[in-house]
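First up is the structure itself, then whatever we jot down about it.
The values are calculated or read from the model by the stated rules, or taken from the named source; none is laboratory data. Here the structure is a predicted model, which means the values were calculated and not measured. Cβ placement follows ideal geometry from the backbone for every residue including glycine, while neighbour counts extend to all protein chains displayed. Keep in mind that these areas ignore ligands, DNA and RNA; they rest on the heavy atoms of the full protein, side chains included. Shrake-Rupley method; radii C 1.70, N 1.55, O 1.52, S 1.80 Å.
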Amino acid sequence: MVKKICLFVCALVLGGACAGLTACGGEYVGKNGDSTDGVSQGAVSGEVVSPQAVSGSGVSGDRKLSKMYAKTPEDLSVSFKIQEKTEQGYRARVKISPEEDGLWDWELYLELEDEITEITGAEIVSHEENRYIIRGTEGNRDIKRYEDGYFDVSVSCQDQIHEPEVCYLTRQEDYMGEKDYECKTTNVERIGDSVKGRLVLANHSEKKAGKWLLHLETYGMKINSLEGARIVWEEEDEEESEYYYDICGEGSRQDLGAGERMEIAFTAEAQKEKAGVGKEFEIVKQVDTEIDWGYYEMEYGARYGKMDRYLVGDSVKGVDLFFIFEEKNKDSYRATAELTNVMEDSIADWEICLECEDEIEEISGAEIVSHEGNEYRIRAKDREKWISPYGMVTFQVKVSCTGKIHPLAKVYLAKARFQDEEAKTKDGRKEIQIREKDLKEAAGPCWLPYDILYKKISRLQISTGKEPMTWMILKPMKNTKPTWTGMSGERRWADKQ
């Protein structure tokens with residue numbers, strides 16, 4: 001009886017510990033933490049994660065120690081599940097999770113700050129600095145629909161584990177036009193339940209169909225073997241006695257050249273009196289991936305895409321602000337700030353309010369009037385210099401950051417001297433009225449790529465009672481989020497329309 005009570009108490013304690021990990025955002029990792037179905041031969045089965053914590057700015061905390069995610073496009077997920085931590089580095093299972101379509105002859109581009117010293121279930125095709133091209137080995141080249149792929153790596157790192165960087169498939173699926181290809185059967189013979197024949201594929205286009213894939217349907221029969229090709233995926237509809245296949249070429253038959261005709265011998269088992277290859281089929285090919293760096297900018301921030309070169313503030317009123325990187329270090333960066341006047345009049349002796357999570361240590365060409373929390377008041381150094389509408393001035397900053405560069409947040413014009421003499425403050429400047437609504441609508445500290453903010457440059461003639469002025473108005477992209485209406489020019493455009 002005592003033994004049963006002890007076991008019951010232990011179960012409660014362990015259960016509470018696991019629940020606590022989950023509630024805190026942690027991840028409990030045990031021997032069966034990840035499915036190992038379909039893992040290539042030689043892959044390492046799931047193991048208990050080493051309890052050592054990793055210090056430093058790379059990865060910290062037990063949750064990140066157990067699993068890390070690469071920065072991937074929306075239709076792909078690549079995770080590193082750490083199996084063991086050693087003094088020299090770590091061993092990890094890499095899990096590839098594509099969308100439901102699956103992959104054939106997959107090949108990955110991976111940026112990894114640490115060095116891969118050993119790999120199983122895949123091979124390194126090329127390696128330049130921290131950039132790897134990796135593809136599956138024999139028996140691990142395909143990932144079936146609705147399933148995941150795996151390979152294992154040993155990684156060498158100094159001091160700390162760094163999270164994987166950008167990762168994407170080097171090739172993507174591309175559909176051929178219906179008139180560009182043909183598929184039919186020939187020389188089909190049936191003896192009892194045994195069927196043999198040939199699939200004939202033809203490429204009528206003027207371009208090579210690289211690494212082609214055939215979507216094929218059969219009725220009343222199951223394909224047993226193919227010559228010079230393989231079945232990547234198959235599914236049976238038992239009620240209709242139909243089979244659905246994804247078939248790709250092997251060796252020299254991986255590509256179907258422009259104008260080329262290819263025959264593939266097959267054997268099959270007939271399961272019904274009426275059996276054959278269906279008329280519904282489709283051929284797709286693989287093409288080099290075109291990377292949408294704009295997605296990486298929005299999703300992952302300033303180290304990716306064009307935002308590797310600049311930061312942009314979320315303009316509430318009066319000014320636009322860019323930080324153009326001059327130098328980036330581990331814990332700081334230097335930048336040239338480009339400040340654009342988007343008011344309808346020329347301004348001088350300007351003062352802006354900027355929210356910046358990182359600390360501005362040095363500034364030249366302007367001066368910091370006050371600094372409280374992450375809010376800076378910055379004023380012109382040359383107070384007699386006038387900035388015309390859509391004119392620009394620059395100043396330099398040195399900014400310190402912990403761990404990573406953070407985005408700029410809200411920015412607006414707080415005070416300025418105008419040629420208009422009304423409503424001046426004691427120092428000759430006018431206080432700019434900022435509506436609470438505009439402050440709330442601004443996106444705040446998030447990554448705002450240039451291509452999202454500025455889609456099209458239009459020109460608008462404005463009559464001021466003097467001579468006509470041509471103004472450059474910046475229109476945002478359609479279908480952007482309502483909270484991303486932080487450009488003063490855009491709001492004026494809406495008013496003038």
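Considering only residues that are part of a loop (DSSP other than H, G, I, E, B) and modelled with pLDDT under 95, look in segment 357-380 and name the one that is most open to solvent (accessible area, probe 1.4 Å).
Only one residue fits best here, namely E357.
From V54, V78, V59, V125, grab the single residue that is of a type outside the set (D, E), surrounded by 14 or more Cβ atoms within 10 Å (Cβ to Cβ) and at pLDDT 90 or above.
One residue alone meets the criteria, V78.
Would it be correct to say that S252 is open to solvent by 10 Å² or more (accessible area, probe 1.4 Å), under 24 Å from N140 (Cβ atoms), modelled with pLDDT under 95 and among the hydroxyl-bearing types (S, T, Y)?
In short, yes.
Specify the residue that is farthest from the chain's Cα centre (by Cα); the eligible residues are those in segment 228-249 that are over 22 Å from D101 (Cβ atoms) and surrounded by 14 or more Cβ atoms within 10 Å (Cβ to Cβ).
S241
Identify, please: which residue in segment 284-310 is at pLDDT 85 or above and crowded, with 22+ Cβ neighbours inside 10 Å and is, among those, nearest to the chain's Cα centre (by Cα)?
So, considering only residues that are at pLDDT 85 or above and crowded, with 22+ Cβ neighbours inside 10 Å, the one nearest to the chain's Cα centre (by Cα) is Q286.
How about segment 306-346: which strands (runs of 3 or more DSSP E) wholly inside it have at least 2 residues that are under 17 Å from S364 (Cβ atoms)?
319-328, 332-341
Out of (1) surrounded by fewer than 17 Cβ atoms within 10 Å (Cβ to Cβ); (2) more than 30 Å from E115 (Cβ to Cβ), what's the single condition that is false for L201?
Against the list (1) surrounded by fewer than 17 Cβ atoms within 10 Å (Cβ to Cβ); (2) more than 30 Å from E115 (Cβ to Cβ), L201 comes up short only on (1).
Within segment 229-251, which residues are out of contact with any strand residue (DSSP E or B) (no Cβ under 8 Å at 6 or more places or on another chain) and within 17 Å of G210 (Cα to Cα)?
Within segment 229-251, G251 is the sole residue that qualifies.
What's the total number of residues in segment 125-153 that are part of a strand (DSSP E or B) and within 24 Å of G249 (Cβ to Cβ)?
Final tally of qualifying residues: 9.
Tell me which residues, restricted to segment 158-179, are in a loop (DSSP other than H, G, I, E, B) and surrounded by 20 or more Cβ atoms within 10 Å (Cβ to Cβ).
Selection gives I161, P164.
State which residue pairs qualify: first residue closer than 13 Å to G102 by Cα and inside segment 132-156, second residue surrounded by 23 or more Cβ atoms within 10 Å (Cβ to Cβ) and hydrophobic (A, V, I, L, M, F, W, C) in any location, beta carbons under 6 Å apart, and separation of 6 or more residues or different chains.
D142/W104; I143/L103; G149/I96
Do the conditions hold for F266, that is, is it crowded, with 17+ Cβ neighbours inside 10 Å, modelled with pLDDT of 95 or more and either within 27 Å of I191 (Cα to Cα) or of a type outside the set (F, W, Y) (or both)?
Answer is yes for this residue.
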